[in-house]
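Trainee: Provided herewith is a single structure, encoded as C-alpha cells, for subsequent inquiry.
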Amino acid sequence: MSSNPIYHLKDAYFFEVPKGLWRYDWKSLSEVPSFLTDGHPNVTDVNEFNRALDGKVMIPQPFAELHSLYTPKSGFAISKYMILELVVASIMVLLFTRVAKQLSTGDHPKGRFANLFEAFLVFIRDQIARPAIDDPPGHGHDDQASPVHRGDSFVPMLWTLFF
C-alpha cells in the first residue's frame, strides 16, 4: 500500500477515521475486494490488508468498479468529495430555508444563524453587486441619481454562485 503524501489530498473512494474505530477482520484473501488483491498481487497475507485498511471506511460502489482506492475502473463511482458536497448542500438548504421563512414574515432576523447569514447576503449585495454593476457617481449622464440599483437585479444570481 502506498504512502505517497499526495493521497491525503486526492479524492478517494473511502473515508479515513481513527484506526480503532474501523477495523477489517478478513479471514482469507477471498474476502478482500478483488481490486485490492489484483492491484497488489505480491501481498499474500490477509493480515497485511487488514492492517493497511484499518481506519478506512470504503464507500459502497453500486454503479462502478474500482481500479484502486483512488481511481475508478468503469462506471459512475461515488467519491468522498461527492458525499461531502451533498452533505454541505443539504445543510445549506436547511439553514437558508429556515432563514428565508423567518425573513418572509417581514420581521428582523433573530438568532445567531439568521444574523450571520443575513450579514453574508447583505455583504454580497452592498459590497459586491452594487459597487461593481451600478454606475459610479459623476458618471457624466444628465439624469439624476436613481434610488434603484441596477446591481440588485443580479443579486440572486450572485447569491447562487457564492452559496
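Trainee: How much length, in nm to one decimal, is gained on full extension between Arg51 and Asp25, taken as 0.36 nm per residue of separation minus their Cα-Cα distance? Walk me through the numbers on the way to the answer.
Mentor: Numbers: separation 26, 0.36 × 26 = 9.36 nm, distance 0.92 nm.
In short, 8.4 nm is gained.
Trainee: Shifting gears a bit: Between their Cα atoms, which of Lys27/Lys73; Lys10/Lys56; Lys56/Lys80; Lys10/Lys80 are more than 20 Å away from each other?
Mentor: Lys27/Lys73
Trainee: For the ranges 84-94, 46-56, 115-125, what's the packing order if you count other beta-carbon atoms within 10 Å of each residue, average per peptide, and put the highest first?
Mentor: 46-56, 115-125, 84-94
Trainee: From the Cα gyration tensor of region 5-80, with a ≥ b ≥ c the square roots of its eigenvalues, which class applies: rounded if a/c is under 1.5, or else prolate if a/b is larger than b/c, or else oblate?
Mentor: oblate
Trainee: Where nothing but the Cβ of Lys and Arg (+1) and of Asp and Glu (-1) is charged, how large is the charge dipole of region 5-80 around its Cα centre, in debye to the nearest 20?
Mentor: 180
Trainee: If I stretch the segment between Leu161 and Ser104 completely, what's the gain in nm (0.36 nm per residue apart, minus their alpha carbon distance), one decimal?
Mentor: 18.3 nm
Trainee: Is the C-alpha gyration tensor of the chain telling us rounded, prolate or oblate? Criteria: a/c under 1.5 is rounded; beyond that, a/b larger than b/c is prolate, otherwise oblate.
Mentor: Prolate is the answer for the chain, as a/c is 1.5 or above and a/b outweighs b/c.
Throughout, read-outs are computed from the coordinates displayed, never taken from laboratory work. Please read all numbers here as calculations on a predicted model, not as lab measurements. Every residue, glycine among them, receives a Cβ derived from its backbone with ideal geometry; neighbour counts consider all protein chains shown.
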